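The values are calculated or read from the model by the stated rules, or taken from the named source; none is laboratory data. This structure is a prediction, so every number in the text was calculated from the model and none was measured. Every residue, glycine as well, gets a Cβ built from its backbone with ideal geometry; the counts of neighbours run over all protein chains shown. Ligands, DNA and RNA are stripped out before the accessible areas are found, and what is left, the full protein with its side chains, is counted by its heavy atoms. Shrake-Rupley method; radii C 1.70, N 1.55, O 1.52, S 1.80 Å.
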Amino acid sequence: MRWAAPVAVGLIAIVVWHTLVKAFNVPHYLVPSPALVVQTLIADWGLLFGSLLVTLKITFGAFFMAVLVGTVVAFLFVQSRWVEVSFFPYAVLLQVTPIVAIAPLIIIWVRNPTAALLVCATIVALFPIISNTTLGLRSVNPALIDLFRMNKASRWQTLMRLRIPSAAPYFFGGLRISSGLALIGAVVAEFVAGTGGTSAGLAYQILQAGFSINIPRLFAALFLITVTGVALFLLMVLLSKLALGGWHESEVKQEA
């Protein structure tokens, strides 16, 4: 039921979409039918797949950088309350600043187009890693901390054997959010770069399809972005189950 229910809803939505388009004879340059979108996806597969690879390269690069930088920053925050209080508001500032507003500046400042897109997408994906990992490292049972102190455990031992295992579910929760945001950041940055004449990934193809009123190709590119986002989320869920399924109660209870 966990898989069948959403698949059934999706199939019903596609059937309703196709029926309404055919019943009202909607022009394909307004809303194409699902069959036409599939035909366009097959016909333009070479072009769209090449653009998808470009978008995926930016997405995975940004996601890796967000995980690396976010984890290091979270470890620094947990070492001192003063460090966290002093710098955490600036992490929030990065989160609430619209990437569309600062992406043109980043593209101007960073000469390399790929590096500029990578920076934009990393900024979008960074905050969930910092926030969730910091929360997880802080959310430790005080009794266990006292037990470690009574046994004269070092700060390193407390971090490796208590805080990191306790923070693991929070960290993987951050991965699920950050993976999708990395894709969103890559697409938004490509939109900004595409308006400046820089050929990039799927967002550029969406722009070109809109300019030429090739709406079926626009829908096909949107479909690839959507499928990619769902695949990234499912990949993070799988990683979480592999890492936590054998010992942590959050996954053990779900399996039971």
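Of the residues making up region 1-38, those that are open to solvent by 100 Å² or more (accessible area, probe 1.4 Å), in a helix (DSSP H, G or I) and within 24 Å of residue 214 (Cβ to Cβ) number 1.
Quick grid of which residues meet (1) open to solvent by 30 Å² or more (accessible area, probe 1.4 Å); (2) within 22 Å of the chain's Cα centre (by Cα):
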residue: 58; (1), (2): no, yes
residue: 75; (1), (2): yes, yes
residue: 78; (1), (2): no, no
residue: 92; (1), (2): yes, yes
residue: 96; (1), (2): yes, yes
residue: 103; (1), (2): no, yes
residue: 107; (1), (2): yes, yes
residue: 115; (1), (2): yes, yes
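Residue 48 satisfies every condition listed in (1) surrounded by 11 or more Cβ atoms within 10 Å (Cβ to Cβ); (2) in a helix (DSSP H, G or I); (3) free of Cβ contacts under 8 Å to residues at least 24 places away in the same chain except (3). Six or more apart or on different chains, Cβ under 7 Å: which pairs go from a residue in region 98-121 that's farther than 14 Å from residue 62 by Cα and touching a residue at least 12 places away in the same chain (Cβ under 8 Å) to one that's among the aromatic types (Phe, Trp, Tyr) and open to solvent by 40 Å² or more (accessible area, probe 1.4 Å)? Could you list them? Partner pairs satisfying both residue conditions: none exist. The residues in region 182-208 that are surrounded by 22 or more Cβ atoms within 10 Å (Cβ to Cβ) and free of Cβ contacts under 8 Å to residues at least 24 places away in the same chain can be counted, and the count is 1. All told, residue 203 falls short of being modelled with pLDDT under 90, over 27 Å from residue 243 (Cα atoms) and within 20 Å of the chain's Cα centre (by Cα). Among the conditions (1) among the polar types (S, T, N, Q); (2) touching a residue at least 60 places away in the same chain (Cβ under 8 Å); (3) closer than 17 Å to residue 129 by Cβ, residue 55 misses just one, which is (3).
The residues of region 160-181 that are in contact with a Leu (Cβ under 8 Å, 6 or more places away or on another chain) and of a type outside the set (Lys, Arg), listed by number, are 162, 164, 166, 167, 168, 169, 170, 172, 175, 178, 179, 180. Considering every residue within region 169-177, establish whether at least one is open to solvent by less than 20 Å² (accessible area, probe 1.4 Å) and touching a residue at least 12 places away in the same chain (Cβ under 8 Å). Looking through region 169-177, at least one residue is open to solvent by less than 20 Å² (accessible area, probe 1.4 Å) and touching a residue at least 12 places away in the same chain (Cβ under 8 Å). Take the conditions (1) outside any helix (DSSP H, G or I); (2) open to solvent by 30 Å² or more (accessible area, probe 1.4 Å); (3) on the phi < 0 side of the Ramachandran plot; residue 213 misses just one of them, which is (3). Against the criterion of being open to solvent by 40 Å² or more (accessible area, probe 1.4 Å), assigned to a helix (DSSP H, G or I) and β-branched (Val, Ile, Thr), residue 145 does not qualify.
Evaluate region 186-198: report whether one residue or more is polar (S, T, N, Q) and farther than 18 Å from residue 71 by Cβ. Scanning region 186-198 turns up at least one residue that is polar (S, T, N, Q) and farther than 18 Å from residue 71 by Cβ. Among residues of region 1-30 that are in contact (Cβ under 8 Å) with a residue 60 or more places away in the chain, those with a Cβ under 8 angstrom from a residue that is surrounded by 10 or more Cβ atoms within 10 Å (Cβ to Cβ), sequence gap 6+ or separate chain, pair up as 28/36; 28/215; 28/216; 29/213; 29/215; 30/215.
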